[in-house]
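Report on the following structure.
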Amino acid sequence: VIINAAGPHSTRISELAGVADKSRITTRVIRHEYVRLPRPERSGPDEPDFITFDNDIGSYTRPDLGNTILAGSEGTEVEGEITADPDDFDRNLSNKVLEPIYRLAQRMPTLGIPNSPSGIVDLWDVSDDWIPIYDRSDLPGFYLAVGTSGNQFKTAPAVGELMAELVIACEAGQDHERDPVQFHLSRIGRTINLVFFSRNRAVNSTSSFSVLA
């Protein structure tokens, strides 16, 4: 059994396995920039850190080290996408990183914007509808955990259990195409029909088509 969870390199791994063109939902690699900014002044010493997602302006923030916040775009069409080679891409911040920050400053008037921004440049692997693929493939014993964009690291523990149950069920002979595996979330008492993450699903029109999926 092999689980392809290679992130930005996952398409190349699927190509080696001969299944990259066998799925209805495809994935692509895009370059993403985050900028590190001084944390806006606290209203009091006990004010908690916060995470923001603002769909109207397409920007988000989260706390980072050294009394800073990390901010970036949700992956909206405003900035456009830059597809990338996972083995050869530009790791330098571009001027595009400032656009979501200027929008963010309209929400946070005390936000400081440095003259020389610093941050992180890396890659997302995203699916056609920005919802991941957690599924078997057309190759027996080869499974897919791909198209995870910039958010699925937060669900990694649950996804590990999900993939384990999927593999166990399929290797035991369950026909996941006709009888989809049901994954139970024990902590919240809910069950997910894994057809939602199928490689052969239709594009989900209710998706945000951004990193919020």
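Descriptive notes on the structure:
- Test result for Leu212, modelled with pLDDT of 95 or more, of a type in the set (A, V, I, L, M, F, W, C) and surrounded by 10 or more Cβ atoms within 10 Å (Cβ to Cβ): no
- Counting the residues of segment 9-31 that are surrounded by fewer than 17 Cβ atoms within 10 Å (Cβ to Cβ), farther than 19 Å from Phe196 by Cα and not hydrophobic (A, V, I, L, M, F, W, C) gives 6.
- Test for Glu161: is it surrounded by fewer than 20 Cβ atoms within 10 Å (Cβ to Cβ) and closer than 29 Å to His32 by Cβ: yes
- Close contacts from segment 26-40, counting a first residue that is without any contact (Cβ under 8 Å) to a residue 60 or more places away in the chain and a second that is part of a strand (DSSP E or B) and among the β-branched types (Val, Ile, Thr), with Cβ to Cβ under 7 Å and a gap of 6+ residues or different chains, come to Arg39/Thr68; Arg39/Ile69.
- Within segment 109-146, considering residues that are under 12 Å from the mean Cα position of the chain (by Cα) and of a type in the set (Gly, Ala, Ser), the one farthest from Thr61 (Cα to Cα): Ala145
- Restricting the search to strands (runs of 3 or more DSSP E) fully inside segment 107-205 and requiring at least 3 residues that are in contact with a Gly (Cβ under 6 Å, 6 or more places away or on another chain) gives 118-127.
- Within segment 127-136, the set of residues being surrounded by 22 or more Cβ atoms within 10 Å (Cβ to Cβ) and either of a type outside the set (D, E, K, R) or farther than 16 Å from Lys22 by Cβ (or both) comprises Ser127, Trp130, Ile131, Pro132, Ile133, Tyr134.
The values are calculated or read from the model by the stated rules, or taken from the named source; none is laboratory data. Treat the numbers as computed from the prediction; the structure is a model and nothing was measured. Virtual Cβ from ideal backbone geometry, glycine too; neighbours counted across all protein chains shown.
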